[in-house]
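> Just dropping this structure here.
The values are calculated or read from the model by the stated rules, or taken from the named source; none is laboratory data. Quick caveat: nothing in here was measured; it's all calculated off a predicted structure. With ideal geometry, Cβ positions are generated from the backbone for all residues, glycine too; neighbour counts draw on all protein chains shown.
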Amino acid sequence: MVRPADLWYVVGLIATDGCISRDGRHVDITSADRQHLETVRRILGLKIAIGKKRNGPRTSVSYHIQIGSRDLVRFLTAIGLTPRKSLTIGPLDVPDDAFSDFLRGAIDGDGSIRTWIHPGNGIHQWALKISTASPGFAVWLRSRIEDCFHVKGALHCRATGLKRPLYEVKFGKLAMKIILRACYYPGSAALERKRDLALEGLRSLNKHRWYRDVIPRLE
């Protein structure tokens, strides 16, 4: 029996780093980390093979699994996911009590937890970003995160050199801590390098207990 928390984590991965096949019977999940896909297999109780793939002759190798399940495809379709979703994905029907697990999957998929040193004051800065090619998904994700965690974020659009821009949902250090504390809880399935970054970010010191309207208070 798959735990609901694990299922919604995988849904978050599929929404960002996965796809539903055109035949309506398979779901593909891709990752640069083979160990991550082994974790996905384990929590779903699957014994399917992990394959390799390349997007071009000079690109690095990535890994993928293909899950054959009409029930899973029907479930994903019911909450709003469709084949060829990259540009069309929009709001998804994710329950409030499952959103932290879904979001952890989305962060492990197309998210980044970044840190750098401010050139002016020498203080470590942190930010959480989730990227998507779909403006509808970006708007929904930002709004849902803000509502669920009572934080404020930003939405940026940047050119990529391709036909379509990339949209980034971004949260600064204080808001990031609220989000990561809820998502990367003990015992949760996660991409280990993202979990390590999340824990490092949570341990980082705060220089302010509030900053404008980003977050009113950090306990």
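> Looking only at region 74-96, decide whether some residue is touching an Asp or Glu at 6+ places or on another chain (Cβ under 6 Å) and either over 18 Å from Val169 (Cβ atoms) or outside any loop (DSSP other than H, G, I, E, B) (or both).
Yes, region 74-96 has at least one match.
> Here's a follow-up. Condition check: in a helix (DSSP H, G or I), charged (D, E, K, R) and surrounded by fewer than 18 Cβ atoms within 10 Å (Cβ to Cβ). Does Asp108 satisfy that?
Spelling it out, it is not the case that Asp108 is in a helix (DSSP H, G or I), charged (D, E, K, R) and surrounded by fewer than 18 Cβ atoms within 10 Å (Cβ to Cβ).
> Scan Arg54, Arg34 and give me the residue that is touching a Phe, Trp or Tyr at 6+ places or on another chain (Cβ under 7 Å) and surrounded by fewer than 16 Cβ atoms within 10 Å (Cβ to Cβ).
Step by step, each of Arg54, Arg34 is checked, and only Arg34 is touching a Phe, Trp or Tyr at 6+ places or on another chain (Cβ under 7 Å) and surrounded by fewer than 16 Cβ atoms within 10 Å (Cβ to Cβ).
> For region 52-74, which residues satisfy the criterion of being under 18 Å from Arg22 (Cβ atoms) and either touching a strand residue (DSSP E or B) at 6+ places or on another chain (Cβ under 8 Å) or modelled with pLDDT of 95 or more (or both)?
Answer for region 52-74, where residues must be under 18 Å from Arg22 (Cβ atoms) and either touching a strand residue (DSSP E or B) at 6+ places or on another chain (Cβ under 8 Å) or modelled with pLDDT of 95 or more (or both): Lys53, His64, Ile65, Gln66, Ile67, Gly68, Ser69, Leu72, Val73.
> Ok, one more. Checking the condition of a type in the set (A, V, I, L, M) and either surrounded by fewer than 19 Cβ atoms within 10 Å (Cβ to Cβ) or in a strand (DSSP E or B) (or both), which residue from Ile145, Ile130 passes?
Details: Ile145 fails: either surrounded by fewer than 19 Cβ atoms within 10 Å (Cβ to Cβ) or in a strand (DSSP E or B) (or both).
Sole residue among the options that is of a type in the set (A, V, I, L, M) and either surrounded by fewer than 19 Cβ atoms within 10 Å (Cβ to Cβ) or in a strand (DSSP E or B) (or both): Ile130.
> Still on this model: Please pick out the residue among Leu174, Leu202 that is at pLDDT 85 or above and either in contact with a strand residue (DSSP E or B) (Cβ under 9 Å, 6 or more places away or on another chain) or among the hydroxyl-bearing types (Ser, Thr, Tyr) (or both).
Details: Leu202 fails: either in contact with a strand residue (DSSP E or B) (Cβ under 9 Å, 6 or more places away or on another chain) or among the hydroxyl-bearing types (Ser, Thr, Tyr) (or both).
None of the others qualify; the one that does is Leu174.
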